[in-house]
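The values are calculated or read from the model by the stated rules, or taken from the named source; none is laboratory data. Quick caveat, the model's predicted, so the values are computed rather than measured. Cβ placement follows ideal geometry from the backbone for every residue including glycine, while neighbour counts extend to all protein chains displayed.
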Amino acid sequence: MTLKGIIGHKGIEYLPVYVLFKQPIEDFGTFTTVNQELFKLSKAIAKSIKQVEYIESIARTKLSAEKSAIFEAHVEIVKDSVVHDEYRKYLVENKVSAAAAVKKVSGQHIKMFKDMDDEYLSERASDIEDVSDRIIRNALGLHHPTLSEVNHECILVAKDLFPSETPFINSSYIKGIITEEGGLTSHVAIVAKSLNIPILLGVENILEKVQQDQLIIMNSIDGEVIIEPTEKEILGFEKKQKFHREEISSTQKYLYKKSITKDGVEVALECNIGGAKDADEVLDVNADGIGLFRSEFLYIDSQDWPSLEQQKKQYVEVLTKLNPKPVVVRTLDIGGDKQLPYYEFEKEMNPFLGKRAIRLCMSEPHIFETQIKALLLANKHGNLWIMIPMITTLHELQWAKKEIKKHRKSLEAEGHKIKNYKFGIMMETPGAFLNRKLLAEECDFFSIGTNDLIQYTFAADRTNAEVNYLGSPFNYGFLNMLKQIIRCGVDYNIPIAMCGIMASKRENVRLLLGLGLKHFSIPPIDILKIKKFISELDYNEAKKFANKALLIHDDEEIKKFIEENNCV
Ligand code: PEP
Ligand code: MG
């Protein structure tokens, strides 16, 4: 049986399950007298304060300052005399047991936090739940199950883990964590990642489906759990684990190294991301920045046009986390195959050739205005690079540039201090290629979007498998096109990056480097792998290699040449 979950931290293990079972509280005790219940409440609070302070001291020795800060917050919550007074007031007025009073009052606080739009704040409801659950159990004299009892290698399975349980996670024994609840920003997900423990979240009903000590495969690389695996699945697991471990150990040593070829040429390795939630992954692999923030996901994941404030919050998060490294935010790239549930696109015969990206923004300038203002206001550290998608002509570029300047002026007139930003475009249409010199004069950078540049150059829909054979970058004309774009960057002294899929394939790196590409924007997961490969390459040799490839005319021959000559 295979269950699906949300990937919190990647890894793969085949081990017995350790079910952390927390007796649900159904009976909150009966009311005796007001004085007796108040006495019980005071005792439970005092005991809880001691326990939480103890947990905080453990956390401080075991976790980083940042991760243990949460337990200082727990100490504050458990000691909050205003909340204690609310418990007492409720108890006295309603004549209920100490545990029932805590349950009722904390329930209201938890709901209030959970209802908050801000994901971070709503996750903090779990801190209040954690602390109040402790007071309730202490008031009822119940046992707190603890992870310090785990003494063998296992995969921990739980409904959810309270933050106060996480300092007791011993990574020598707990090799994987699966929860039924919890999101990517939950405390357990953050701690598991920092301890390098694979974690899968939101695996529905797993507690009903596994038993204590049952062997399961937890695969948080592909986001699945296999219960009662077959022989074949176990063999598959062994292969995958071996590959995963080898890859991690061989690339991990590159984490803090510069990305540099054997003959000393530096190559910037940046990441492609789809939202603020991905920024941590970029930091985890120590990339040189973000080369493509696909801002359209902010719009796709929303119920309505995201407001200036909603957008600003996400941009601030990414720009602040990455500061001082650059963050290239691509303005809205919607249309083509990307639709929005709240916007009626006009029916078009050829949507990919229609009102997509900058064209849509030009016809609906208020949409562009909101995004640009959100970006400019979020640029508190000056590391914002604005990138316009689907540019084909100088006119479109100048429109975007003028609009941005206008919005900057109007924000400044309102009294906002706006930091400088870089301005660039996606090089992803043949029109942009033909106009590259005019465009380069007006830009601080280009980023080559090979996914679209191939589709538009060969008139081959990138979503249509029937014409996939035309979607290969190994074509005489296309490789020469790349060479000329990169050459244009040298002539006009602007950096040229590549953020299409072509840049993330290991087998293309030597060729691209040889064509002169020095900025790669790729998924975070590929950064260390590509950095390792670059460190094994010689720039001058790669140039000779690319020159040879450019002499071949037949697509298949080029592909064969690149594949056969790919070992370093
Ligand atoms: C591209 O076209 O290569 C690109 C990176 O953009 P997208 O895939 O989002 O269209
Ligand atoms: Mg594109």
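Restricting the search to the stretch 490-500, which residues are over 31 Å from the mean Cα position of the chain (by Cα) and either of a type in the set (Asp, Glu) or surrounded by 16 or more Cβ atoms within 10 Å (Cβ to Cβ) (or both)? Steps first, please.
Our first condition is that a residue be over 31 Å from the mean Cα position of the chain (by Cα); within the stretch 490-500, this holds for 490-493.
Correct list: Asp491, Tyr492.
Of all residues being crowded, with 16+ Cβ neighbours inside 10 Å and of a type outside the set (Lys, Arg) in the stretch 419-430, which is farthest from ligand 1 (Cβ to nearest atom)? Just the residue, please.
Looking at the filtered set, the residue picked out is Tyr421.
Any chance the stretch 446-456 includes a residue that's away from ligand 1 (no atom under 16 Å from the Cβ) and out of contact with any Leu (no Cβ under 6 Å at 6 or more places or on another chain)? Spell out the reasoning first.
Within the stretch 446-456, the subset away from ligand 1 (no atom under 16 Å from the Cβ) is none.
No, there is no match, as no residue in the stretch 446-456 is away from ligand 1 (no atom under 16 Å from the Cβ) and out of contact with any Leu (no Cβ under 6 Å at 6 or more places or on another chain).
Taking the residues in the stretch 426-445 that are among the hydrophobic types (A, V, I, L, M, F, W, C) and more than 13 Å from ligand 2 (Cβ to nearest atom) as candidates, determine which candidate is nearest to Gly291 (Cα to Cα).
Residues of the stretch 426-445 that are among the hydrophobic types (A, V, I, L, M, F, W, C), as a first pass: 426-427, 432-434, 438-440, 443, 445.
Next cut, more than 13 Å from ligand 2 (Cβ to nearest atom) only: 433-434, 438-440, 443, 445.
Numbers: Phe433: 20, Leu434: 23, Leu438: 23, Leu439: 19, Ala440: 18, Cys443: 16, Phe445: 11 Å.
Step by step, filter the stretch 426-445, then rank; the result is Phe445.
Say whether the condition of being in contact with a helix residue (DSSP H, G or I) (Cβ under 7 Å, 6 or more places away or on another chain) and crowded, with 21+ Cβ neighbours inside 10 Å is met by at least one residue in the stretch 192-200.
Just the residues of the stretch 192-200 that are in contact with a helix residue (DSSP H, G or I) (Cβ under 7 Å, 6 or more places away or on another chain), to begin with: 194, 199.
With the extra rule that they be crowded, with 21+ Cβ neighbours inside 10 Å, the set shrinks to 199.
Yes: one or more hits.
Any residue at all in the stretch 429-441 that's of a type in the set (Asp, Glu) and either touching a strand residue (DSSP E or B) at 6+ places or on another chain (Cβ under 9 Å) or outside the structural domain of Val318 (by TED's automatic domain parsing) (or both)?
As a first pass, look at the stretch 429-441 and keep what is of a type in the set (Asp, Glu): 441.
Then drop every residue that is not either touching a strand residue (DSSP E or B) at 6+ places or on another chain (Cβ under 9 Å) or outside the structural domain of Val318 (by TED's automatic domain parsing) (or both), which leaves none.
The answer is no; no qualifying residue exists.
Would you mind listing the helices (runs of 4 or more DSSP H) fully within the stretch 463-543 where at least 1 residues are out of contact with any Pro (no Cβ under 9 Å at 6 or more places or on another chain) and modelled with pLDDT under 95? Steps first, please.
Values: elements: 476-491, 506-514, 527-535.
Fully inside the stretch 463-543 and qualifying: 506-514, 527-535.
When you check Leu453 against the structure, is it farther than 15 Å from Gly477 by Cα, modelled with pLDDT of 95 or more and either assigned by TED's automatic domain parsing to the domain that holds Phe474 or out of contact with any helix residue (DSSP H, G or I) (no Cβ under 6 Å at 6 or more places or on another chain) (or both), yes or no?
Spelling it out, it is not the case that Leu453 is farther than 15 Å from Gly477 by Cα, modelled with pLDDT of 95 or more and either assigned by TED's automatic domain parsing to the domain that holds Phe474 or out of contact with any helix residue (DSSP H, G or I) (no Cβ under 6 Å at 6 or more places or on another chain) (or both).
Only residues that are assigned to a loop (DSSP other than H, G, I, E, B) and over 10 Å from Leu20 (Cα atoms): list them for the stretch 152-173, please.
Start the filter on the stretch 152-173 by keeping residues that are assigned to a loop (DSSP other than H, G, I, E, B), which leaves 152-153, 159-162, 169-173.
His152, Glu153, Phe162, Ile169, Asn170, Ser171, Ser172, Tyr173 - these are the residues of the stretch 152-173 that are assigned to a loop (DSSP other than H, G, I, E, B) and over 10 Å from Leu20 (Cα atoms).
Look through Glu441, Glu369 and report the one residue that is out of contact with any helix residue (DSSP H, G or I) (no Cβ under 8 Å at 6 or more places or on another chain), surrounded by fewer than 23 Cβ atoms within 10 Å (Cβ to Cβ), at pLDDT 95 or above and not polar (S, T, N, Q).
Values: Glu369 fails: out of contact with any helix residue (DSSP H, G or I) (no Cβ under 8 Å at 6 or more places or on another chain).
The conditions single out Glu441.
State all residues of the stretch 263-278 that are away from ligand 1 (no atom under 12 Å from the Cβ) and either in contact with a strand residue (DSSP E or B) (Cβ under 7 Å, 6 or more places away or on another chain) or assigned to a helix (DSSP H, G or I) (or both); if no residue qualifies, say none. I'd like the intermediate steps shown before the answer.
To start, the set of residues in the stretch 263-278 that are away from ligand 1 (no atom under 12 Å from the Cβ) comprises 263-271, 275-278.
Glu266, Val267, Ala268, Leu269, Glu270, Cys271, Ala276, Lys277, Asp278 - these are the residues of the stretch 263-278 that are away from ligand 1 (no atom under 12 Å from the Cβ) and either in contact with a strand residue (DSSP E or B) (Cβ under 7 Å, 6 or more places away or on another chain) or assigned to a helix (DSSP H, G or I) (or both).
Do we have any residue at all in the stretch 392-408 that's of a type outside the set (Gly, Ala, Ser), within 16 Å of ligand 2 (Cβ to nearest atom) and in contact with a Ser or Thr (Cβ under 6 Å, 6 or more places away or on another chain)?
The answer is yes; a qualifying residue exists.
Looking at Ser259, Ser295, which one is in contact (Cβ under 8 Å) with a residue 12 or more places away in the chain, closer than 26 Å to Asn451 by Cβ and within 16 Å of ligand 1 (Cβ to nearest atom)?
It is Ser295.
Which one of these is surrounded by fewer than 21 Cβ atoms within 10 Å (Cβ to Cβ), among the charged types (D, E, K, R) and within 16 Å of ligand 2 (Cβ to nearest atom): Arg462, Arg487? Spell out the reasoning first.
On the way: Arg487 fails: within 16 Å of ligand 2 (Cβ to nearest atom).
Result of the check over Arg462, Arg487: Arg462.
Consider only pairs whose beta carbons are under 8 Å apart and that are at least six residues apart or on different chains; among these, list those whose first residue lies in the stretch 157-182 and is outside the structural domain of Ser57 (by TED's automatic domain parsing) and whose second residue is basic (Lys, Arg) and in a helix (DSSP H, G or I).
Within 8 Å, the pairs are Ser164/Arg134; Pro167/Lys62.
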